[in-house]
Amino acid sequence: MRRALPGLALAALGLGVSEAVHGLLPAVPTLTAAVVLGVAAAHLPGVRTFVRGRGQAGLSAAGKRLMRLGIVLLGLKLSLGDVLGLGWSTVAMVVAVVLATFFGTRWLGRRLGLSGDQPLLVATGYAICGASAIGAVSGALGRDEDTEEGRRHASDVAASVALVTLCGTLAIAVLPLLRAPLGLDALQFGRWVGAGVHDVGQVVATAQTSGPEALGEAVMVKLIRVVLLAPLVAGVSLARRRRARSPEADGTAHAGDRQPALVPLFVLGFLAMIGARSTGQLPAGVLDAADTAQGLLLAAALFGLGSAVHLPTLARSGGRTAALGLGSWIIIASVSYLGVWLTT
């Protein structure tokens, strides 16, 4: 704990500055500001030395531990009754969008020659719920932070979060402009946004431009995607376990890795929170406090992840990474648009 305190203090400062930026510039989400400030802190003279030295342990803890706590609290946004109330055709459409985006993005990442865990992380972030999903899958991979592979993985996580956050933020401005040309009414637009935009906050910001009906549909469709986080993480964990038993099979297992749990503890916590919300017994004050805490935890975690970005390294694959982000965005927007037309 003593080793982590300096870095955690810097993450708390970054959180405060991110909130201030959002207050002054409401168009800039707190989570986006947190990522950018984390990257900046890792490259400013003077601060950079602290980030790479005394602050590294705490910033790493923020990026991992606080992210997991935020994911657990994310479950309190979900009620199984509300999700199932949308109907099985909508649920099937969302599952198809998630699967097409996940596997399509992974395939595209490999075709572009991106190495490491980045194709998997970007695929998860686009398919499910942005930074939260990337953090969940990162935890399920069981990378050892003290190895070179673990440090490269941390950089992949930070770069993936930055990419997904950027594209989700751009969606707030771009998608409302496409509603009329694509011939979408308010209900259809809401479902398209819920199926195709990454973070819950970005979904709300995008859908509210078309009124309360669009906003309600968007949030419910989005929450179906969030429910799929648990089975996706379990699938990644299972695949990692199988590769760990036969590392010579495809070269993706590494000696320094820990064998991940089939269902990580924080995912079980996420499911428990869904169950608690589904009972309908939690007071509104508790849900509001949990929502605020979740936002703060994720912002501090994203500052920590941003501090792991090394821009010179990122620049070497910047074109391919940007191409992957654009390609994945086209995949999810196209498949979700088709799904909306088939189900409305």
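Need the full-extension length gain, Ala27 to Thr279, defined as separation in residues times 0.36 nm minus the C-alpha distance. One decimal, nm. Provide the component values of the computation, followed by the final result.
Values: separation 252, 0.36 × 252 = 90.72 nm, distance 3.52 nm.
Between Ala27 and Thr279, full extension yields an extra 87.2 nm.
If I compute solvent accessible area with a 1.4 Å probe over the protein chains, what percent of it on the chain is carbon and sulfur? On the chain, the fraction of accessible area on carbon and sulfur atoms equals 67 percent.
Counting 0.36 nm for each residue step from Glu213 to Arg241 and taking away their Cα separation leaves a gain of 5.7 nm.
What do the square roots of 5 times the Cα gyration tensor eigenvalues come to for segment 8-162, in whole Å, largest first, as semi-axes of the equivalent ellipsoid? Intermediate results must be reported in sequence, preceding the final value.
On the way: eigenvalues 175, 90, 42 Å².
For segment 8-162, the semi-axes come out at 30, 21, 15 Å.
For the chain, dividing the convex hull volume of the Cα atoms by the residue count gives 136 Å³ per residue. The simple spin-label model puts a point 7 Å past each Cα toward its Cβ; for Trp341 and Val286 those points are separated by 4.5 nm.
On a per residue basis, the convex hull of the C-alpha atoms belonging to segment 123-243 measures out at 92 Å³. Each residue of segment 173-181 was assigned a 3J(HN,Hα) from its phi angle through the Karplus curve 6.51 cos²θ - 1.76 cosθ + 1.60 (θ = phi - 60°); the sequence is 8, 7, 4, x, 5, 8, 4, 5, x Hz, with glycine and proline shown as x.
Judged by the mean number of other Cβ atoms found within 10 Å, the most tightly packed of the peptides 265-271, 172-178, 110-116 leads the ranking 265-271, 172-178, 110-116. Packing order of peptides 326-337, 152-163, highest average first: 152-163, 326-337 (average count of other Cβ atoms within 10 Å over each peptide's residues).
With both labels modelled 7 Å from their Cα along Cα-to-Cβ, the Ala293 to Val95 distance reads 3.3 nm.
Within segment 317-344, whose backbone N sits under 12 Å from a point 7 Å along Cα→Cβ of Arg111? Under cut-off, by backbone N: 324, 327-328, 331.
Seen from Phe266, the other residues with C-beta closer than 13 Å to its C-beta sum to a net charge of +3, counting Lys and Arg as +1 and Asp and Glu as -1.
The values are calculated or read from the model by the stated rules, or taken from the named source; none is laboratory data. Values in this document were obtained by computation on a predicted structure and should not be read as measured data. FYI the Cβ positions are ideal-geometry reconstructions off the backbone, even for glycines, and counts take in every protein chain you see. Accessible surface is based on the protein model in full, side chains and every heavy atom, while ligands, DNA and RNA are left aside. Shrake-Rupley method; radii C 1.70, N 1.55, O 1.52, S 1.80 Å.
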